[in-house]
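Shown next, in structure tokens, is the structure this report addresses.
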Amino acid sequence: MRAQPGIFTAVRRRLHVGRNPLARLSDRLEAALVIGVVLVALLAIPFAVAMGSEAYDAGLRRAGEETADRHEATAVLVADAPPAQVRFDGVPVEETVKVRARWTAPGGPVREDVVTVDPGSGTGDEIPIWLDGKGNAVGAPVTTADVAGLGAGAGAAFWIVCVMLLTGFFLAGRPILGRLRGAAWEREWRRVSENRTAA
């Protein structure tokens with residue numbers, strides 16, 4: 001029984017690399033296009049890593065600034081939050097709602113504003129909030145886990161966009177090569193038929 005060719009040999013034959021007498025110029029151009037797309041996709045990986053690293057560093061700086069500027073405090077609700085509403089399948093329509101609350105800002109002044117709480121919270125309930133240096137309610141500072149996800153997402157998104165563009169370029173080029181291949185076959189068949197007629 002004949003041994004199956006290795007994967008690299010099979011790929012090389014499929015790409016018509018080498019001295020294959022049946023390979024036409026369009027076949028070799030298509031092989032070059034495939035190899036070029038794969039190489040450019042591989043070369044884009046270091047750029048994607050650099051972009052992800054840059055986004056990670058920027059996120060770390062932002063996280064450091066927010067951690068230094070923000071601190072946790074306790075607010076008291078001054079109104080009832082709307083009750084939780086659920087869909088027919090039992091999934092809540094909104095996981096959080098906005099309601100007015102009161103808290104003491106750094107330095108003593110009492111502040112009142114809208115904060116985000118769980119549905120169904122009642123007047124007088126104490127909730128944890130984050131305040132900036134001026135005593136305004138803000139979101140929680142960015143965590144290192146958020147920053148890592150942001151960096152990985154930025155790098156992956158860059159590489160995926162590159163691969164999609166390369167794939168589009170390859171798919172746009174294949175019909176052109178197919179037409180060249182068809183024209184070459186047509187010329188070859190015409191030549192064969194003319195030779196038979198002449199004989």
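Structure notes:
- Against the list (1) under 24 Å from Glu66 (Cβ atoms); (2) in contact with a Pro (Cβ under 8 Å, 6 or more places away or on another chain), the condition Glu94 fails is (1).
- You will find that of Ala156, Ala84, the residue that is among the hydrophobic types (A, V, I, L, M, F, W, C) and part of a loop (DSSP other than H, G, I, E, B) is Ala84 and no other.
- Filtered residue count, the stretch 25-63, keeping only those that are over 25 Å from the mean Cα position of the chain (by Cα) and surrounded by 13 or more Cβ atoms within 10 Å (Cβ to Cβ): 8
- Selection of the stretch 82-112 for residues being over 36 Å from the mean Cα position of the chain (by Cα) and surrounded by 12 or more Cβ atoms within 10 Å (Cβ to Cβ) yields Arg100, Ala101, Arg102, Trp103, Thr104, Ala105, Pro106, Arg111, Glu112.
- Flag if Ala145 is of a type outside the set (Phe, Trp, Tyr), loosely packed, with under 15 Cβ neighbours inside 10 Å, in a helix (DSSP H, G or I) and at pLDDT 90 or above: yes
- Lone unmet requirement of (1) touching a Phe, Trp or Tyr at 6+ places or on another chain (Cβ under 9 Å); (2) farther than 12 Å from Leu166 by Cβ for Ala41: (2)
- In summary, Ala75 fulfils each of the numbered conditions (1) assigned to a helix (DSSP H, G or I); (2) in contact with an Asp or Glu (Cβ under 8 Å, 6 or more places away or on another chain) with the single exception of condition (1).
The values are calculated or read from the model by the stated rules, or taken from the named source; none is laboratory data. From a predicted model like this one, the values you see are computed outputs, not experimental measurements. As a convention, Cβ positions derive from the backbone with ideal geometry for all residues, glycine included, and neighbour counts pool all protein chains shown.
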